[in-house]
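**Q** Could you have a look at this structure, given as C-alpha cells, before my questions?
Just so it is clear, none of the values below were taken in a lab; they were calculated from the coordinates. Keep in mind it's a predicted model, so treat the numbers as computed, not measured. Using ideal geometry, Cβ is built from the backbone for each residue, glycine included, and neighbour counts are taken over all protein chains shown.
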Amino acid sequence: MTLPVPTLDHVVVNARDDMDRAEAIYRKLGFTLTPRGFHTLGSMNHLAMFGTDYLELIAIPKGAASGRVDLLNYPHGLNGLVFGTEDSAATYAALTAAGVPIEPPQEFSRPVELGGKNRDAVFRTVRFKAEVVPAGRVYFCHHFTRDLVWRDEWRHHANGTVAVARMVIADEKPAGAAELYRRMFGAEAMRPIEGGESLTVGNSRVDIVTPAELQRQFGAACPDAHGRASYMAALTLRSTALERTARALKAGGIDATADKQRIVVPAAQALNATLEFVA
C-alpha cells in the first residue's frame, strides 16, 4: 500500500488552561485570530489562517476535569505538528500496514458562526499511540468543511505572515527521532542537514536538530525545554515583507532581533515558542 505524501495542515501552540493570555500575546504579535471555537472533545481554539496551512492556539477551560486535560501534561509552547490528508481511512490503513503505531480515525467538530448562522466544522484525525512521539503531538487531520476554516477574511495578518515555512524540533538524538518519519513517508522524504535531519513537507519542512544546533540558530531566543530531551521548539513563518513584520511587532510592543534575512521573536514573548519571520 502506498505511503502518504507529507503535506502540512497546521502547527499547534499549547496554551494549557490560559487561552485569554495566549490570545492577547498572539494578537500583539500581529496575527489575525479567528473567533474562539469550542470542540466537542472539550478543548477550545483560535486559529491564525495562512494560505494553505495555519497556526492553532489550543487550551482547555480553567478548572476542567474532563475533555482534553492531556494538554496539561505539556508545558506552554509548540506542541502539535499536523499533517494533512484527504482520506483519513486510507492514511490509517497505509500506516497500519507499514507497522506505524497509529490510532483509528476519530471524528469531532466545533460550531462556526457565519452570517448569523451556525454550522459545524467537522474533522477526522489519525493520531499516534500514546508516547510514540516524545516531542509532542503528531497526527493527520482530514477536513470535511474546508470552507469554514480557510476563509479570506481570516488570512490577512498585520505581520504579513502567509505560510509556515518550517518547524524545528530539538532532539538529543535526531537520527532516532527521524526514523518514525521515514516509516511514515519513506526514506526519500528525509535528508541530512547541519546538526540533524530534515523532512520535506509540501512547500514547508520539519527540521529535527540537536539542542546545540537549535542554540546555534536562535541563541537566547530558544524556548525553555523544561527538562525535555525532545521538544517542538521553533517556527519559521513566511512574510510578505520583513518591514511589515517589524512594524507590526513594534506596534504590539514585541522586542525582536532583526537582520536583512530574518526577524526573530524570543520564545519568552510568544508563549515559549521561538518565532522566526523570513521574506
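**Q** Counting other C-beta atoms within 10 Å, which of His226, His39, His142 has the fewest, and how do the rest follow? Mind showing how you got there, number by number?
**A** On the way: His226 11, His39 18, His142 21.
Taking fewest neighbouring Cβ atoms as first place, the list is His226, His39, His142.
**Q** May I pose another question? Hey, what do the phi angles of the range 267-279 turn into as Karplus ³J(HN,Hα) couplings, whole Hz, using 6.51/-1.76/1.60 and θ = phi - 60°, x for Gly and Pro?
**A** 4, 4, 9, 9, 6, 6, 10, 6, 10, 10, 9, 10, 9
**Q** Also, quick follow-up: Report the residue, chosen from Arg244, Arg216, Arg27, that carries the largest GNM mean-square fluctuation when the chain is represented by alpha-carbon nodes joined by springs under 10 Å.
**A** Arg216
**Q** Helix-only estimate, please: 222 nm mean residue ellipticity of the chain, summing -39500 (n - 2.57) across DSSP H runs of length 4 or more and dividing by its residues, to the nearest 500.
**A** On the way: 5 runs with 50 residues, N = 279.
Helices in the chain give a 222 nm mean residue ellipticity of -5500 deg cm²/dmol.
**Q** OK, next. With point charges of +1 on the Cβ of Lys and Arg and -1 on the Cβ of Asp and Glu, referenced to the Cα centre of the chain, which listed residue (Pro104, Ala22, Tyr54) lies farthest in the positive direction of the dipole?
**A** Ala22
**Q** Oh, and also: Among the GluC sites (Glu not before Pro) in the range 1-107, which ones are in a DSSP loop with at most 14 other Cβ atoms within 10 Å of the Cβ? Mind listing them?
**A** Qualifying residues, ordered by number: Glu86.
**Q** Over 32 Å between Cα atoms, which of Lys62/Lys173; Lys28/Lys117; Lys62/Lys129; Lys28/Lys260; Lys117/Lys250; Lys28/Lys129 qualify?
**A** Long pairs (Cα-Cα over 32 Å): Lys62/Lys173; Lys117/Lys250; Lys28/Lys129.
**Q** Just the Cα atoms of the range 1-83: what Rg and Dmax do they give in Å?
**A** Rg and Dmax of the range 1-83, Cα atoms, are 13.6, 46 Å.
**Q** Also, I was wondering about something else. Taking 7 Å along the Cα-to-C-beta vector as the label spot, tell me the Leu41-Ala97 distance in nanometres, rounded to one decimal.
**A** 2.6
**Q** Averaged across orientations, what area in nm² does the convex hull of the alpha carbons in the chain project?
**A** Answer in nm², one decimal: 14.0.
**Q** Quick one: among Val162, Val133, Val264, which has the greatest mean-square fluctuation in a GNM of the chain with alpha-carbon springs under 10 angstrom?
**A** It is Val133.
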